[in-house]
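A short write-up of the structure that comes next.
The values are calculated or read from the model by the stated rules, or taken from the named source; none is laboratory data. The structure displayed is predicted, hence computed values, not measured ones. Every residue, glycine as well, gets a Cβ built from its backbone with ideal geometry; the counts of neighbours run over all protein chains shown. Ligands, DNA and RNA are stripped out before the accessible areas are found, and what is left, the full protein with its side chains, is counted by its heavy atoms. Shrake-Rupley method; radii C 1.70, N 1.55, O 1.52, S 1.80 Å.
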Amino acid sequence: MTIWFKQRFHILTGLASILITIQLLDTLTGGALSHFGIIPRYAQGLIGIPLSPFLHGNWEHLFSNLPALLVLSALLMTHSIRYYVLASLFIIFVEGILVWLFGRTAIHVGASGWIFGLWGLLLANAYFLRRAKDFFFAILVFIYYGGIAFGLLPWQEDVSTEGHIFGAIAGLVFSWLTKKWLIPHR
């Protein structure tokens with residue numbers, strides 16, 4: 001196993017462990033941690049901007065998000081770990097701020113905004129960077145996660161469609177902002 005692969009594997013298993021541990025703590029406290037989600041336009045809801053992607057309403061919610069988060073994260077880490085971390089922070093904060101400003105009044109939790117951001121970023125990279133690897137990833141993402149686009153439509157009342165839309169926008173914007181940085185570093 002190469003160092004390159006080991007580093008990424010450890011990050012992904014660490015991320016999964018953190019999410020599972022937080023859900024376990026939330027379950028043991030009767031859902032008390034969910035109150036740290038994003039609550040739009042309320043000062044106490046600002047804490048949810050960095051925390052909400054790590055909180056989930058229940059185990060089913062977590063396990064519906066976890067596989068996509070890990071797969072999309074792994075694909076993005078092929079650029080570099082630094083690029084993945086910067087993209088994730090940008091997506092989490094931009095999506096979170098936009099949900100706080102424009103989201104409907106509710107407690108918004110879950111990694112789906114982050115997932116939609118990574119999804120949008122991987123698709124946008126194919127357009128902006130025009131590298132074979134990015135086209136390949138875009139095709140994979142579209143084939144396996146193309147149905148995710150339906151999450152941009154307000155079908156379910158208890159789903160943060162706003163988080164999905166703002167996450168995808170954040171991913172597109174990050175790709176556009178970093179295209180000049182990545183292209184010279186081929």
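Under 12 Å from Ile107 (Cα atoms) and open to solvent by less than 40 Å² (accessible area, probe 1.4 Å): is that true of Leu55 in this structure? Here the answer is yes, as Leu55 does meet what is asked. Go through the residues of the stretch 29-45 one by one and say whether even a single one is surrounded by fewer than 16 Cβ atoms within 10 Å (Cβ to Cβ), at pLDDT 95 or above and closer than 20 Å to His164 by Cα. Scanning the stretch 29-45 turns up at least one residue that is surrounded by fewer than 16 Cβ atoms within 10 Å (Cβ to Cβ), at pLDDT 95 or above and closer than 20 Å to His164 by Cα. Residue under question is Asn125, and the condition is that it be touching an Asp or Glu at 6+ places or on another chain (Cβ under 9 Å), touching a residue at least 12 places away in the same chain (Cβ under 8 Å), among the polar types (S, T, N, Q) and buried (at least 18 other Cβ atoms within 10 Å of the Cβ); does it hold? In short, yes. Taking the stretch 7-109 and the helices (runs of 4 or more DSSP H) fully enclosed by it, no element has 1 or more residues that are within 18 Å of the chain's Cα centre (by Cα) and on the phi > 0 side of the Ramachandran plot.
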